[in-house]
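This report refers to the structure that appears directly beneath it.
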Amino acid sequence: MVERVAVELDRQPMVGPAAVDPPSTRGTIGLWQRQPGLSQAAEEPLLESAESHVDLTAQDCAELGRAWRVRAAREHGLDPGILTVGKTIGGGVPAGAFRVTHEVAEKALAQEDADYVDVGGIGGTLAGNALSVAAMRTALTEVLTEQAFRHTVPLAERFERGVRDAIGESGAPWSVVRLGCRVEYGFSPVPPRNGGEAAASHDDELETLLHLYALNRGVLITPFHNMALMAPTTTEAQVDRHTVVFSEVLEELYR
């Protein structure tokens with residue numbers, strides 16, 4: 001990946017500020033594994049090879065609650081110059097926030113003619129309203145807490161083990177991916193590495209069957225994904241119930 005970035009940057013020199021945004025680990029199409037080479041150890045040579053073109057790194061964490069990206073960024077050793085968060089940071093209320101390093105902030109504030117109040121993208125009539133701010137404070141202090149993750153991540157690991165074991169026992173050409181407290185299984189023998197591969201493995205009819213099969217047996221999963229997000233209220237019994245139902249449907253499909 002480092003070599004490819006360097007080649008592309010040399011082919012099309014950039015004029016003015018530029019940034020590298022490391023690939024995501026999820027999108028609307030699904031969840032995929034974080035690839036080797038996206039850790040800080042790999043970002044450093046990437047930036048070194050492109051230092052004549054790139055000013056900073058940016059990490060988009062729009063799916064904060066579901067993708068666990070802020071914690072993932074810390075645990076994978078990432079230290080982006082700009083970190084953006086949104087969606088569940090407001091607990092369902094439209095909201096967004098960003099964090100920048102001191103160096104980035106100083107460079108931004110040094111531009112006396114820059115508009116960082118309205119059209120600069122961080123202001124406007126709906127930004128920072130009392131409801132959004134209150135929702136973000138509540139989500140960050142009462143929901144997205146270390147204590148909550150200490151409960152939800154082990155549950156996600158338990159869910160992942162159950163799904164992986166069931167896939168292995170049935171011989172189904174499927175795979176499972178976990179990111180923090182979110183787990184998703186897909187219809188490919190190897191976990192997708194990007195959104196394109198996730199889309200290619202999608203099967204509407206099979207996904208609909210799984211959802212209806214589970215729903216008829218008391219298990220409801222995300223309607224447009226084979227995904228489960230562990231909540232602070234989720235229990236081991238609920239996780240195990242899904243494992244039983246998932247094993248049963250695989251047995252019927254692949255026996």
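General remarks:
- Hits in segment 124-180 (condition: within 30 Å of residue 98 (Cβ to Cβ) and not in a helix (DSSP H, G or I)): 124, 125, 126, 127, 128, 129, 144, 145, 177, 178, 179, 180
- Identity of the residue in segment 97-112, surrounded by fewer than 18 Cβ atoms within 10 Å (Cβ to Cβ) and small (Gly, Ala, Ser), that ends up modelled with the lowest pLDDT: 108
- Look at segment 235-247: where a residue is in contact (Cβ under 8 Å) with a residue 40 or more places away in the chain and a partner is not in a helix (DSSP H, G or I), sitting 6+ places away or on another chain with Cβ atoms under 6 Å, you get 242/219.
- Neighbours by Cβ (under 6 Å, 6+ apart or cross-chain): first from segment 220-233, in the same structural domain as residue 160 (by TED's automatic domain parsing); second part of a loop (DSSP other than H, G, I, E, B) and hydrophobic (A, V, I, L, M, F, W, C): 228/221; 230/181
- Residues within segment 210-248 that are outside any loop (DSSP other than H, G, I, E, B), of a type in the set (A, V, I, L, M) and surrounded by 18 or more Cβ atoms within 10 Å (Cβ to Cβ), tallied: 7
- For residue 190, the criteria (1) among the hydrophobic types (A, V, I, L, M, F, W, C); (2) part of a loop (DSSP other than H, G, I, E, B); (3) in contact with a Phe, Trp or Tyr (Cβ under 8 Å, 6 or more places away or on another chain) hold in every case but one, which is (3).
- All positions within segment 85-115 that are more than 14 Å from residue 132 (Cβ to Cβ) and either assigned to a helix (DSSP H, G or I) or touching a Gly at 6+ places or on another chain (Cβ under 7 Å) (or both): 100, 101, 102, 103, 104, 105, 106, 107, 108, 109, 114
- All told, residue 192 falls short of being surrounded by fewer than 19 Cβ atoms within 10 Å (Cβ to Cβ), assigned by TED's automatic domain parsing to the domain that holds residue 161 and not β-branched (Val, Ile, Thr).
- Verdict on residue 239 being closer than 29 Å to residue 88 by Cα and at pLDDT 90 or above: yes
The values are calculated or read from the model by the stated rules, or taken from the named source; none is laboratory data. The shown structure was predicted, so the numbers you read here are calculated from the model rather than taken from an experiment. Here Cβ is always computed from backbone atoms with ideal geometry, including for glycine, and neighbour counts include all displayed protein chains.
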